[in-house]
Amino acid sequence: MAKKLMVQVERLNKSFGDLHVLRNINLQVEESDVVVLIGASGSGKSTLLRCLNFLEIKDDGKIFLEGEQVEKDTHNLNEIRQRVGMVFQHFNLFPHKTVLENVIEAPILVKNTPKKQAIEEGKVLLDKVGLSDKYHVYPSTLSGGQKQRVAIARSLAMNPEVMLFDEPTSALDPELVGEVLNTMKELAEEGMTMVVVTHEMGFAREVGDRVVYMHDGKIVEYGKPEEIFDGPKEQRTKEFLSSIL
Amino acid sequence: MSHFFDVFMESYPIFLEGLKITLYLSAASLVMAFVIGLFFAILKISSIKPLQWIADAYIWLIRGTPLIVQIFVLYYGITEIILIDAFWAGAIGLAIHSGAYIAEIIRGSIQSIAKGQMEAGRSLGMTKLQTMRRIILPQAFRRAIPSLGNQFIIGIKDSSLVSFIGAQELFGVSSSLGSNSFDFLTFYSIAAIYYLVIVLVLSVVVNRIEKRLAKSD
């Protein structure tokens, strides 16, 4: 049985001024798949991710979410964003709120979840990411890895259908990368559909179902991790992989 | 010195009346000024150009003219249309004046909040307004507290100018007492002491608030 298409991108284009950042991007993400975007900085990976969450609005092309074409003019993007979680490189936790408050803010405000229920669900999520002893502390007291795990819990609290990760470990000290990747791996094993921009090739190979190599705003190569890493077809992919591995 | 002390003790019931008016005047004007300041700060950061122009024009007008001129123009302007007492004319004048500075303070602190905060809010499905209200403004106000406290202190001292349209606040009281006795130096010095005490108390309060809020940063 063919899996459901969660995200579908057709001929997506995006420019910032004169800079053509995304050129005719086509991409399909099936349910429960982990798609890893790799490529040099400036290749458009992050912009593509941000377009999927409508933090950037595409210039043209089509974006489908669960088969439904999403357009700025016909859809309430605030509702769409609830369905697509996003984890940022710099965590972007709310510093004036405790860890638990960070997690329950959006469910209460946006989904009108009763506070008691939001707290219960929030605690479950924080337990899941291994932060059951940190409910009532402020983010400034946490390590980078802990912050990122709070950010993941905060995103999950909205029950998203798809999770986007924008270089989630790039701002972390090397010894803290593992804990965040493990949390993401567990999430993937539970069947979460994920699109991940990362430079962690070990993660891409182990957890990724599909790997996308981007260069200059284009998708150069797309395939299973072993195809991309062990036998890249394109010269550019080979060069990129040899430069980082 | 003992003369000064005697006069201080004799005059304090009258000065307390003036102090009361100074405090009411300051409180009323600063509350209004805060609302005005927040309003124009939001106009300035809005993406709609004409709204920005309105805010720019207001700030330019207020910063470019002396407060005493603003108070007089407002007082004589308003009383052309409706009869309003010196207290409220003064309070509104002070509010419009401080509002321009507060607008700039709040705008600056809003813009100093990292862009990622708005993005994080939006990515969770919050609207721009919800993110502004729940995420950006609380952080911006914390950051603005030292400057706002400073502006409030200036506002309290500026309230002395309202005596020129007839309000019997601290400075007005000391002027009257001075003219009656020709002992200007003593009465103005007494007024200075009252102002110092008000400002001292406010500084301590602002410091406390700052310290208490610092714990989460």
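Collect the residues in region B:137-147 that are open to solvent by less than 50 Å² (accessible area, probe 1.4 Å) and either out of contact with any helix residue (DSSP H, G or I) (no Cβ under 6 Å at 6 or more places or on another chain) or free of Cβ contacts under 8 Å to residues at least 24 places away in the same chain (or both), keeping them in residue-number order. Quick ask: steps written out before the conclusion?
From region B:137-147, those open to solvent by less than 50 Å² (accessible area, probe 1.4 Å) are B:137-140, B:144-145; that's our starting set.
B:L137, B:P138, B:Q139 - these are the residues of region B:137-147 that are open to solvent by less than 50 Å² (accessible area, probe 1.4 Å) and either out of contact with any helix residue (DSSP H, G or I) (no Cβ under 6 Å at 6 or more places or on another chain) or free of Cβ contacts under 8 Å to residues at least 24 places away in the same chain (or both).
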For B:S160, work out the one condition from (1) farther than 30 Å from B:I45 by Cα; (2) among the small types (G, A, S); (3) out of contact with any Leu (no Cβ under 7 Å at 6 or more places or on another chain) it doesn't fulfil.
(3)
In region B:73-99, what residues are touching a residue at least 12 places away in the same chain (Cβ under 8 Å) and of a type in the set (S, T, N, Q)?
B:S98
Can you find, within region B:166-193, the residue that is nearest to B:L19 (Cα to Cα) among those that are within 18 Å of the chain's Cα centre (by Cα) and assigned to a helix (DSSP H, G or I)?
B:L170
Mind counting the residues in region A:144-168 that are open to solvent by 10 Å² or more (accessible area, probe 1.4 Å) and either at positive phi or β-branched (V, I, T) (or both)?
2
B:I84 fails exactly one of (1) open to solvent by less than 50 Å² (accessible area, probe 1.4 Å); (2) part of a helix (DSSP H, G or I); (3) aliphatic (A, V, I, L, M); (4) under 21 Å from B:V162 (Cβ atoms), namely (2)
Check region A:75-92 and report whether any residue there is more than 9 Å from chain B (Cβ to nearest Cβ) and out of contact with any Pro (no Cβ under 8 Å at 6 or more places or on another chain).
yes
Please go through region A:58-67 and pick out each residue that is within 17 Å of the chain's Cα centre (by Cα) and open to solvent by 30 Å² or more (accessible area, probe 1.4 Å).
A:F64, A:E66
Can you find a residue in region B:43-53 that is touching a helix residue (DSSP H, G or I) at 6+ places or on another chain (Cβ under 6 Å), aromatic (F, W, Y) and assigned to a helix (DSSP H, G or I)?
no
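Answer yes if at least one residue in region B:174-181 is surrounded by 16 or more Cβ atoms within 10 Å (Cβ to Cβ), touching a residue at least 60 places away in the same chain (Cβ under 8 Å) and not hydrophobic (A, V, I, L, M, F, W, C), and no otherwise.
Pass one, region B:174-181, residues surrounded by 16 or more Cβ atoms within 10 Å (Cβ to Cβ): B:174-175, B:177-178.
If we keep only those that are touching a residue at least 60 places away in the same chain (Cβ under 8 Å) too, we end up with B:174, B:177.
From what's left, not hydrophobic (A, V, I, L, M, F, W, C): B:174.
Scanning region B:174-181, I find at least one residue that is surrounded by 16 or more Cβ atoms within 10 Å (Cβ to Cβ), touching a residue at least 60 places away in the same chain (Cβ under 8 Å) and not hydrophobic (A, V, I, L, M, F, W, C), so the answer is yes.
Scanning region A:97-121 for residues that are at the interface with chain B (Cβ under 7 Å from one of its Cβ atoms) and open to solvent by less than 20 Å² (accessible area, probe 1.4 Å), which turns out nearest to the chain's Cα centre (by Cα)? Explain how you work it out, then say what you get.
If we filter region A:97-121 for residues that are at the interface with chain B (Cβ under 7 Å from one of its Cβ atoms), which is where we start, we get A:105-106, A:109-110.
With the extra rule that they be open to solvent by less than 20 Å² (accessible area, probe 1.4 Å), the set shrinks to A:105-106.
Values: A:E105: 20, A:A106: 18 Å.
The selected residue is A:A106.
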Of the conditions (1) more than 24 Å from A:T169 (Cβ to Cβ); (2) without any contact (Cβ under 8 Å) to a residue 12 or more places away in the chain; (3) not aromatic (F, W, Y), A:S41 fails just one. Which one is it?
(1)
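Give the residue that is farthest from A:V87 (Cα to Cα), with candidates limited to residues of region A:40-55 that are in a loop (DSSP other than H, G, I, E, B) and open to solvent by less than 40 Å² (accessible area, probe 1.4 Å). Working first, answer last.
Going through region A:40-55, the residues in a loop (DSSP other than H, G, I, E, B) turn out to be A:40-44, A:53-55.
Filter again for open to solvent by less than 40 Å² (accessible area, probe 1.4 Å), leaving A:43-44, A:53-55.
Values: A:S43: 19, A:G44: 17, A:N53: 11, A:F54: 14, A:L55: 12 Å.
Filtering first and then ranking leaves A:S43.
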Being open to solvent by 30 Å² or more (accessible area, probe 1.4 Å) and in contact (Cβ under 8 Å) with a residue 60 or more places away in the chain is the filter here, so list the residues in region B:1-30 that pass it.
B:H3, B:F4, B:F8, B:I14, B:E17, B:L19, B:I21, B:L23, B:Y24
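Considering only residues that are under 23 Å from B:F152 (Cβ atoms) and either open to solvent by 20 Å² or more (accessible area, probe 1.4 Å) or facing chain A (nearest Cβ under 9 Å) (or both), which ones fall in region B:99-132? Break it down stepwise before answering.
Step one: filter region B:99-132 for residues under 23 Å from B:F152 (Cβ atoms), giving B:99-113.
B:Y101, B:E104, B:I105, B:R107, B:G108, B:Q111, B:S112, listed by residue number.
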Tally of residues being of a type outside the set (D, E, K, R) and surrounded by fewer than 17 Cβ atoms within 10 Å (Cβ to Cβ) across region A:122-133
3
Among (1) touching a helix residue (DSSP H, G or I) at 6+ places or on another chain (Cβ under 6 Å); (2) open to solvent by less than 50 Å² (accessible area, probe 1.4 Å); (3) not charged (D, E, K, R), B:S189 falls short only on (1)
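The values are calculated or read from the model by the stated rules, or taken from the named source; none is laboratory data. What you are looking at is a predicted structure, and each value in this text was computed from that prediction instead of being measured. FYI the Cβ positions are ideal-geometry reconstructions off the backbone, even for glycines, and counts take in every protein chain you see. Surface areas here come from the heavy atoms of the whole protein model, side chains and all, with no ligands, DNA or RNA. Shrake-Rupley method; radii C 1.70, N 1.55, O 1.52, S 1.80 Å.
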